[in-house]
Each structure stands twice: as structure tokens, then as C-alpha cells.
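> Could you have a look at this structure, given as C-alpha cells, before my questions?
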Amino acid sequence: MTDLIKLTAAEIAAKIASGEVTAVQVTEAHLARIEAVDEKVHAFLHVDREGALAQAREVDAKRERGEKLGPLAGVPLALKDIFTTKGIPTTVGSKILEGWIPPYDATLTRKLKEADVVILGKTNMDEFAMGSSTENSAYGPTGNPWDLTKIPGGSGGGSSAALASYEAPLAIGTDTGGSIRQPAAVTGTVGVKPTYGAVSRYGMVAFSSSLDQGGPCARTVLDAALLHEAIAGHDPLDSTSIDAPVPPVVEAARNGDVKGMRVGVVKQFRGEGYQAGVLQRFDESVELLKELGAEVVEVDCPSFDLALAAYYLIAPSECSSNLARFDAMRYGLRVGDDGTKSAEEVTALTREAGFGDEVKRRVILGTYALSSGYYDAYYGSAQKVRTLITRDFEKAFGEGGVDVLISPTTPTTAFPIGERADDPMAMYLADLCTIPTNLAGNAAMSLPCGLAPEDGMPVGLQIIAPAMADDRLYRVGAAVEAAFNARWGHPLLEEAPSL
Ligand code: GLN
């Protein structure tokens, strides 16, 4: 039974479809794993034992009735606690939503249910998805299964940790500046930020609406593609949802190949602040791509140097506006409502008690950047930089003729819990390589490319594709994954110390 937790999502679905195992057995094995290790890992904020088993029983009943099962039917999944789930708590890692039970499902939640994916529970995250370590969660940090004293990345550290600890074969993340890719990189898992607008934001608690993008997390490239296909697609309930067919991501993941492709190495993403072992594994990935038949060229993207600064004006500006809805009147926490205070006083007391330091820092920063006297100097300038970054991408994919760009996903491997907790700038640097993609709205993946020799922790390779060419990530990712697994003799995660 314990072997069930080591299977990929594709293998689990095949075994359920053939009747070799039942969805209930698979779900029970994962619930038992959560029970055994999650006290140490703390990937989950809420485990929906009964709901998961009910979903699994439904899948088994469908099979018995001879109904055709979908490609992920009966496969368990860990859902980031930023998506609304009808009847199940949704906290966004914040005290301000403690106790709130959403009356509706996010579109993504609904699609998962329609695909017969078994939702095990909701995963830990930095409050309102602001952070790179999951230490900003109001419910305590999550450990990295490779080394529980280190961070599992953030904001989606609960989802990445659930995969790396074999508590779930699939997970969902959201990526505003890197929160899918950076956790994937530091846990030796696979994470994809789809093209902006490819996966509905309806029912996904908003942080920075022009950047936020939900996406798949898994242990293999194919599993990520299967999940991508299940959650993507046009949604009339999201005004920025793209009304176009989903790129053929599963077909691409089944046909990994880089022969004849032109791969651009982003010149800006190395140098000061980059860990030696990260650059070593990245350089080996470049050599591997050449061996596999890709043409590798260096690409200059000068505006990327300004991406972090632009992001930390745009994201806080949008969050200061989005989080105004947490006013103590509509959802969750209400503090000081004793009949003697005005509505404004109750709102202020609730926000003081309900929001953590990082959220407050960003609301203040964003409100300042948007104030009338400073709007052009800060927000306006940041939007201009955003345009320049988009042009750098257009130039690389256009006249530069590259099919994909590559870089390390993160400058360093996982750092110790506590090391950057009181140093926001050091924390922000974790997303140096991932942020440009969010600002431009195109697609990117992180997948494992080895362990850093100096600390034995996983290193991530980032692949970046043009908007709506998400399938290229999977074609390149699958080729790289197969070549690395052949070289290592097994998937990287098998080297993680057992919990
Ligand atoms: N770490 C970045 C931030 O703190 C990105 C977060 C995210 O992608 N949600 O804003």
C-alpha cells in the first residue's frame, strides 16, 4: 500500500482505470501518509478526509457502472488555500479569513471536481501569497521535506512540500511573481506558471490581479501537463480569461524533444548573489540541451534588471486596492464589534489584528505609490518598465528567433527557516529570475536539474516560452527530465532523505 504514494499521477490513473487499485485505496494511502508525516512537514492547513473519500467512492462507482474515466480520475491533489472551496475553509494563510467557509467553488475547484480529481485538503501558504518562504503564513511555517529546517519556498510552500513528501502526487499553486516556480525549484519538483489568462482567476483570492496566475504542480512533467489540461480553458466569469484553445501540453509532454530548437540563455541571470552550485547545475543543463540537439545562444534582456523594482511597486499597488474588501463587514474576522464603536473603528481594529506584517507593509507601500502626488513617479514608471520587459521578451522570441529562454529558477537553494524572515529585501531576491515572466504575462516552468554540491539541496531550471506557447515548456521539459533521469538513474526526488 505504501507504494501507492510513490506512483505518478499518470500511473495512478491507469491503475484505477484498469481496476488494479480503487480510488478509495489510493486516497486512503495518501491520507495515511499525511497522518504519518504532516505533523513534521505542515504542508496542510486543512485535510478534508471525508470529502476526499466521498469523491474517491464516486470515482469507483463510476468505474463499476462502466462509465469512461478521465485522465486524472481518482488521483489525489493538494489545493493551495487561496482557491475557494464550497463548504471547506479558505484562509489564504491569513487570520483575517479564519473561520470563513466559502459559499461557492472557484472555477478551478469546479474543474478539478469535474475531472474526478480527489481534493485531499488545503495547503499552507504565505499570507495572501506574499512571500517566498511560507514563513508569512499566520498558521506557522512549512518545512522543506529535503531538510525540515529549511524553507519549502513560497508562497506555495505547502503545495510543493506536499509533493516532495509524497503526501500528494498533484498540487495547485498560484504564481504572481514566482510562487509556483520558486517552491518547485527548492523542493526538486515541477511547477508551471501558465500564460496569464490561461487558468481562471474566478474564486482565487486576489493579490495582484494583473499578475496572479494559477497553475499545476507535480513530480513529473507529464503529470503537470495532465493537470494543466484539466484546469485551463476559457471562463466567462473571469474578464481576463483567454478565449482560445488550450495549447497541446499533454501531447508535448509525451513527445519531449529539443532537436533543432533555439534556446536562449538569459545573460542577466547570473553573477553576484548567485550560489556557485546553482550556476554549476545550470551550466550542466545548458550542455545537456546542446547534447540533445538544441542550438544554444546568449540573449540580452537589459530591462530584466529593473523587474524586481517594478514588481514591488505594481504588486503592492494592486494589493492595496484588492485587500480593501477585507473590511470586517463581509467576511471572516471582526474585532471590537461591542456596540460602542463606529464601523470605521471596527474595520481598523480588525485589519490591525487580522493582517500580518508583510501584508501591512505592502498595503502601506501600495497606497503610497498610488497617491495622487506620487502616482506618475512610482506606479506610472513601473508600468513603463513593464512595457520594456515585455519588449525584451518580444525581441528574444521575435528577431532573436529563440523558441524558449532558460535560466536558473532561483539564485540560491532553500535557505534556513528564519534566515530571511526579518529582511524583506533578501526575501524579495528569491524571485529575481521568475518575476519578468509575470510582468510580461507569458509562460514558464521550473524543473529539477540536480543538487547543489555545497548543501545537497535541489536546484531548479527555468524554461520560459512566449504567451500561448505553453506546450513548448512541456516539450523541452520532458526532454530534459528524461535525459537527467537517465543520467541519475532515477528521478531526483528519490535522493531526498526519507521522512
Ligand atoms: N515572492 C513574491 C512576493 O512575495 C511572489 C509571490 C507570488 O508569486 N505569489 O510577492
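> To the nearest 0.05, how large is the calculated FRET efficiency for ASP300 and ALA426 if R₀ is 30 Å and r is the Cβ-Cβ distance?
Efficiency for this residue pair is about 0.65.
> If R0 is 25 Å, what FRET efficiency do you get for SER209 and GLU98 from their C-beta distance, rounded to 0.05?
0.60
> Considering only protein heavy atoms, what per residue accessible area in square angstrom results for segment 431-499 with a 1.4 angstrom probe?
Working: 1950 Å² over 69 residues.
Accessible area per residue, segment 431-499: 28 Å².
> Here is a follow-up. Assuming R0 = 60 Å, can you tell me the calculated FRET efficiency for the pair GLU495 and ALA343, based on Cβ-Cβ distance, to the nearest 0.05? Mind dumping the intermediate values first?
Numbers: r = 56 Å, r/R0 = 0.93.
Here the calculated transfer efficiency is 0.60.
> Kindly report the accessible area of segment 1-90 per residue (heavy atoms of protein chains, probe 1.4 Å, no ligands, DNA or RNA), in Å².
Numbers: 4080 Å² over 90 residues.
Ligands and nucleic acids excluded, the result is 45 Å² per residue.
> At MET329 and GLN280, where each label point lies 7 Å from the Cα along Cα→Cβ, what is the point-to-point distance in nanometres?
5.9 nm
> With label points built 7 Å along Cα→Cβ from the Cα atoms of GLU20 and ALA32, find their separation and express it in nm.
So the two model labels end up 1.8 nm from each other.
> Another question, then. To the nearest µm²/s, what D does Stokes-Einstein give for the chain at 4 °C and 1.567 mPa s, using the Kirkwood radius over alpha carbon pairs as Rh?
Numbers: Rh = 22.4 Å.
Answer, rounded: 58 µm²/s.
> With every protein chain present, what accessible area does SER285 have (1.4 Å probe, heavy atoms only), rounded to the nearest 10 Å²?
So the heavy atoms of SER285 present about 0 Å² to solvent.
> Further question on the same structure: For MET329, tell me the accessible area in Å² from a 1.4 Å probe, rounded to the nearest 10.
That residue has around 90 Å² of solvent-accessible surface.
> Follow-up. Taking 7 Å along the Cα-to-C-beta vector as the label spot, tell me the ALA61-LYS113 distance in nanometres, rounded to one decimal.
According to this spin-label approximation, the distance is 1.4 nm.
> Can you pull the Kirkwood radius for segment 240-299, inverse mean 1/r over Cα pairs, to one decimal in Å?
14.1 Å
> For the chain, with the dipole built from +1 on Lys and Arg beta-carbon atoms and -1 on Asp and Glu ones, taken about the Cα centre, which of ALA17, TYR374, SER155 lies farthest toward the positive end?
Working it through, the farthest residue towards the positive pole turns out to be ALA17.
> Determine the alpha carbon to alpha carbon distance for each of LYS80/LYS193; LYS86/LYS122; LYS95/LYS122; LYS80/LYS111; LYS150/LYS360; LYS86/LYS111 and list only those over 18 Å.
Beyond 18 Å between Cα atoms: LYS150/LYS360.
> Within the chain, what whole-number % of the accessible surface is contributed by carbon and sulfur, with the 1.4 Å probe and all protein chains included in the calculation?
C and S fraction of accessible area: 52 percent.
> If you don't mind, another one. Give the peptides 73-84, 396-407, 241-252 in descending order of average Cβ contacts within 10 Å, highest first.
Peptide ranking by packing, descending: 73-84, 396-407, 241-252.
> Based on DSSP H runs of at least 4 residues, each adding -39500 (n - 2.57), what is the mean residue ellipticity at 222 nm of the chain after dividing by all its residues, to the nearest 500 deg cm²/dmol?
On the way: 16 runs with 190 residues, N = 499.
About -12000 deg cm²/dmol.
> A follow-up question, please. For segment 304-403, state what percent of all Cα-Cα pairs lands in each successive 10 Å bin, counting from 0 Å until the bin that includes the largest distance.
15, 31, 24, 17, 8, 3, 1
> Size of the dipole of segment 400-499 about the Cα centre, Lys and Arg at +1 and Asp and Glu at -1 on the beta carbon, nothing else charged, in debye to 20?
Rounded to the nearest 20 debye, it is 320 debye.
> What is the magnitude of the charge dipole of the chain about its Cα centre, with +1 placed on the Cβ of each Lys and Arg, -1 on the Cβ of each Asp and Glu, and no other charges, expressed in debye to the nearest 20?
Result for the chain is approximately 620 debye, rounded to the nearest 20.
> Oh, and also: Using a/c under 1.5 as the rounded threshold, could you call segment 387-499 rounded, prolate or oblate? The axes a ≥ b ≥ c are square roots of the C-alpha gyration tensor eigenvalues, and prolate needs a/b larger than b/c, oblate otherwise. Let's see the in-between values first.
Values: a/c = 2.87, a/b = 1.23, b/c = 2.34.
Taking the square roots of the gyration eigenvalues as a ≥ b ≥ c, segment 387-499 is oblate.
> Which order do ASP48, ASP223 take by accessible area at a 1.4 Å probe, largest first?
ASP48, ASP223
> From the phi angles alone, apply the Karplus equation (6.51, -1.76, 1.60; θ = phi - 60°) to segment 344-352 and give each ³J(HN,Hα) in whole Hz, x where the residue is Gly or Pro.
With the stated coefficients, segment 344-352 comes to 4, 5, 5, 4, 5, 5, 5, 5, 4 Hz.
The values are calculated or read from the model by the stated rules, or taken from the named source; none is laboratory data. Because the structure is predicted, anything quoted here is derived from the model rather than measured. No Cβ is skipped: glycine too gets one built from the backbone with ideal geometry, and neighbour counts run over all protein chains shown. To get the accessible areas, we keep the full protein, side chains included, count just its heavy atoms, and leave off ligands, DNA and RNA. Shrake-Rupley method; radii C 1.70, N 1.55, O 1.52, S 1.80 Å.
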